[in-house]
Structure formats: structure tokens, C-alpha cells
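The values are calculated or read from the model by the stated rules, or taken from the named source; none is laboratory data. None of these values were measured; they are calculated from a predicted model. Quick reminder, even Gly has a Cβ in these numbers, built from the backbone with ideal geometry, and neighbours come from all protein chains shown. Ligands, DNA and RNA are stripped out before the accessible areas are found, and what is left, the full protein with its side chains, is counted by its heavy atoms. Shrake-Rupley method; radii C 1.70, N 1.55, O 1.52, S 1.80 Å.
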Amino acid sequence: MPEDNDDASRSRVPVLLDTDPGNDIDDACCLAYLLRQPRCELLGVTTVTGDTRQRATIADALCRAAGRPDVPVYAGLTGPLLHGRGQPEVPHYEAIKDDAGLRTFDAPPGDAVAFLRDTIRSRPGEITLLAIGPMTNVAALFAADPEIPALLNRIVLMCGVFTGRNGHGPGTREWNALCDPLAAALVYEHAARTAPGKLLSVGLEVTTKCRLPAADCRDRFTAGGEPLQTVLRMAEVWFAKQADKITFHDPLAAALIFEPGLCQTGPGRCDVVTEDGPFAGLTRWSPSDDPAKSPHHVAYTVEAERFFEHYFAVTSRGGG
């Protein structure tokens, strides 16, 4: 996408996306949003968990559908680091596997982590890292180079359950943390030690308020053009096998980078249960107004209707 010379271009936010498209359709919805968000300077996409090469092909197909073949895409770590559910299958790949011109990704998974590290180090203090899958790549990045959290402008995660609201009671675990509990714990801990105040986590209590039935998604995705029409092809696999709706978990996390007023947030500290067993991946939230005890922030509420207005304004018209 060519650079503009107006005030909007000067306020663009450089973003790195770490994602696991191919299971829940909201990852693809999120990437479609970033590709159409005029304030987003998308520096690259890394994929995580299971067959990350197929996931990278999905991400690249969406970039190309949006007219953005310039966006670097890397297949990352398969995970988990130690134990966890993982995601070996990539069912949505079936929807695009026969498309002409698909790229394949054969580079070592560690190249994705190296790409993240090199890109962040090339622009210290500027980049927002948006992680919306299991935290395997991000944990490996922070472990390999502990200075990285401090070199980021912001860290935004779709991860966790924090307040037990909206039907998520004690013991509820969020999928990204459950897939690789140790990785999630390492990300929160590294951010707390080296970049306090920079990490925002958006949990299930908030994201599950952002749902649309399948019929509405079909209508809006069809009317929105590309890359939403490619998303819809994969969404049909999701509708047939999983659900008759889409919950926009990941797109909400992305939208908060550009429209922070969509959610109310609060400070505190998040810890993750790492022991293998029935509580692995459980996020424990301790709210606090004491800066020394508040290295993290989480979302508490969301204006769902306003979010959808913003999301479809951006993805359908390239503005919002």
C-alpha cells in the first residue's frame, strides 16, 4: 500500500501480528481488519501452533486477496513449549487449498521468531505486538531476547478470563492460554518484569459480547468485498462444523489498538497456572491501583454495537 503524506499516514501504528488462523474464524476476521485499517502499518504476520505452514498459507492468501502481497508472512513454532492442548489440525485450509498461486512455507519455524526480533529491534519503541493465538512464538521471543518487551510500544493479547463476568465463572479457561499454558505464563511474566504497564489483555468476558449470527456475517462479508469474501469461504467450514455464529474475539483486540475507547480497562496483575492438570492455563487476575502491583491491564467492558460499526466501516470501505 503506498504511503500517504497527510496527517492520517503520520499517525499510522506499526503492528506485528502473531496468529493461528485455520481453527476459529476470528483470526482471519482480525487479519482482514488490519489489512483494511488505514492507520495500520502491518509489518508482518507470524503463525503459531500445529501446522504453522498451512496457517501461513492462509494468512498469505488473505494478504493477497486484500492486494497486499508485500506483507511478510512466516510460519512459526508448532508448540506447545511443554504441555497443553495444542492445535494440530487446520480445518479452514480446506477452503483455499486448491486456489491458484498459493505460497508454501518451508523455512525453519525459528525464522519467525528471528523475524519478530529483528523487526522490533529495528524500530525500538514504535511497534505494537498483537498476539491472538497461543503464546508460543511470543514466549520464545521474550526468552531468547529479554529486552524485547521493553523495546515494544505496546503488547496486546487476546488471552485469558479475568473477572468471571458474562457467564464465565471460576475455573473457566481461555483457549489460547489452555493450548500452551507455560508460554502464556512466560509472556505475562516477562512483560511484568521488563515492560510494566505496556501489556493489555482482552479476555472472554468481553469478547463474547461481540457476536453475530451466521446469516448476518454472510451478508456483511459478501457486501464488504475482499478480503472478507475469502474469510467467508473459510467461515463456511466453521459454520458447518462448529457454530452458527462468529464471536469476534481477535478483531476486538485489534480494534483497541486504534479505538481504545471501545473498552473500559483496568490495571492489575495476571498470573497463569502452568502445572499440567485440570487448571492448566487458568488466568488469575489481581486488580490493583498500586503501580508496583499493576504491570498489566485488562479489558472490563465493551461497547459491542460501536465495535461492529467500526469493524465493518474499516473492512468494507478501508476507513473508519
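Some observations on this one:
- Candidates I58, I127, I96 - the one that is modelled with pLDDT of 95 or more, surrounded by 17 or more Cβ atoms within 10 Å (Cβ to Cβ) and more than 17 Å from the chain's Cα centre (by Cα): I96
- Residue that is nearest to A292 (Cα to Cα), among those in the range 177-196 that are open to solvent by 10 Å² or more (accessible area, probe 1.4 Å) and touching a strand residue (DSSP E or B) at 6+ places or on another chain (Cβ under 7 Å): A192
- Options D106, D118, D111; residue that is closer than 28 Å to V231 by Cα, at pLDDT 95 or above and charged (D, E, K, R): D111
- Residue check, A313 in a helix (DSSP H, G or I) and buried (at least 19 other Cβ atoms within 10 Å of the Cβ): no
- The residue pairs whose first member lies in the range 36-48 and is open to solvent by 10 Å² or more (accessible area, probe 1.4 Å), whose second member is polar (S, T, N, Q), and whose beta carbons are closer than 6 Å, counting only pairs six or more residues apart or on different chains, are R36/T315; L43/T119.
- Within this structure, T119 fails the test of being of a type in the set (V, I, T) and loosely packed, with under 13 Cβ neighbours inside 10 Å.
- Restricting T283, T301 to those that are farther than 30 Å from L228 by Cβ and touching a residue at least 60 places away in the same chain (Cβ under 8 Å) reduces the list to T283.
- The range 130-176 - residue that is among the polar types (S, T, N, Q) and buried (at least 24 other Cβ atoms within 10 Å of the Cβ) and, of those, farthest from V273 (Cα to Cα): N137
- Taking the range 71-110 as the range and being without any contact (Cβ under 8 Å) to a residue 60 or more places away in the chain and of a type in the set (D, E, K, R) as the test, the residues that pass are K97, D98, D99, R103, D106.
- Scanning the range 240-265 for residues that are more than 16 Å from T207 (Cβ to Cβ) and open to solvent by less than 30 Å² (accessible area, probe 1.4 Å) returns a single hit, F258.
- The range 276-310, residues that are at pLDDT 95 or above, open to solvent by 30 Å² or more (accessible area, probe 1.4 Å) and not in a strand (DSSP E or B): E303, E305, R306, E309
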